[in-house]
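For reference, the structure is listed below as structure tokens.
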Amino acid sequence: MTDKQPAIFLDRDGVINENSAEHVKSWDEFQFIPNAIRTIRELSETGLPIFVVTNQAAVNRGLMTIDDLNDIHTRMLDAVTAEGGKITKVYYCPHAPNEKCNCRKPEPGMLLKAAEEYNIDLKHSFMVGDAWTDMAAGREAGTHNILLMTGRGRWNVAPAWDRLGVDLSAAMDVADAAYIIKERLAGRQVNTTDRLKNAFHMGLRSQDAWVL
Ligand SMILES: [Mg+2]
Ligand SMILES: [Zn+2]
């Protein structure tokens, strides 16, 4: 019996690729966020498995097929691999909110499934996302949660803060989150409470103006 190991969970839209209000329905519409691929390579160098956990209700809403989604993920993984990074597995939830599944974030189902399949120590794992739902799923699973200001992040500071308070890190983008993860793995805490507070107050004043 091998020891459990921590993992890094990444949301997809708004973390790895640019978020789209119209949904990302094909590879043509998939645009990597600057530094995301390089950061995934850096995170791979920690030796921890990396999992993508993504809500893709567009599937069950009939906006794209599972094949379309798998095609996007195959190409995404190829691009990451080409740069020397490794994503162990992509978990997706195809369900619409009214289906009340246990995998659509804020439910923790995808993280729990990965933990079971790969013997993951969730308490020492990380969840990186741009939405309060990512943070809530992580909290349920027991991970340390990092909210990014890319994607929908700026609009999610208040709801995330509301639900998790200071038990949450704030990062500018996935590269900044990687710094926090590596520091924590080295036993050092990165205090982002001031950042989070600034983001929160700036978010209240203007939904757009905040930059770290
Ligand atoms: Mg997202
Ligand atoms: Zn689901």
Once you have the alpha carbon radius of gyration of the chain, what is it after dividing by 2.2 N^0.38 Å, with N set to its residue count? 0.96
Can you tell me the length gained on complete extension of the stretch residue 82 to residue 200, counting 0.36 nm per residue apart and subtracting the Cα distance? 38.7 nm
What is the spin-label model distance, in nm, from residue 155 to residue 102 if the labels are put 7 Å beyond Cα along the C-beta direction? 3.1
Cα coordinate range in region 1-80, projected on the principal axes (Å, largest first): 42, 31, 20
Among 48, 185, 69, which one moves the most in a GNM of the chain with springs linking Cα atoms closer than 10 Å? 185
Pairwise centroid distance, computed over Cα atoms, of region 108-165 with region 43-103, Å: 16
By the 4.7 Å beta carbon criterion, which cysteine residues of the chain come out unpaired? 101
For region 83-92, what does the Karplus curve 6.51 cos²θ - 1.76 cosθ + 1.60, with θ = phi - 60°, yield as ³J(HN,Hα) per residue in whole Hz, taken in order and with x for Gly and Pro? 9, x, x, 9, 9, 5, 7, 9, 9, 10
Taking the beta-carbon count within 10 Å as an exposure proxy, list 92, 179 from fewest neighbours to most. 179, 92
Which residue fluctuates the most in the chain, going by a Gaussian network model with Cα springs under 10 Å, if the choices are 107, 22, 183? 22
Projected label distance in nm at residue 70 and residue 35, using a 7 Å step from Cα toward the beta-carbon: 3.5
Fewest-first ranking of 125, 20, using other Cβ atoms within 10 Å as the exposure measure: 20, 125
Going through 25/197; 25/113; 25/89; 4/25 one by one, the pairs whose alpha carbons sit over 30 Å apart turn out to be 25/197; 4/25
Hey, what number do you get for the chain at 222 nm if only DSSP H runs of n ≥ 4 count, each worth -39500 (n - 2.57), divided across all residues, to the nearest 500? -12000 deg cm²/dmol
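Starting with the fewest neighbours, write out 126, 30 ranked by other beta-carbon atoms found within 10 Å of each beta-carbon.
30, 126
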Among the lysines, which have Cα under 18 Å from the Cα of residue 182 when same-chain residues fewer than 8 positions away are ignored? 86, 123
Taking R0 as 30 Å, what's the FRET efficiency between residue 121 and residue 191 from their Cβ-Cβ distance, rounded to 0.05? 0.80
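Taken together, the values in this text are just the output of simple stated rules run on the coordinates, not laboratory data. Just so it is clear, the model here is predicted, and its values are computed rather than measured. Methodologically, a virtual Cβ is constructed for each residue, glycine included, from the backbone with ideal geometry; neighbour enumeration extends over all protein chains shown.
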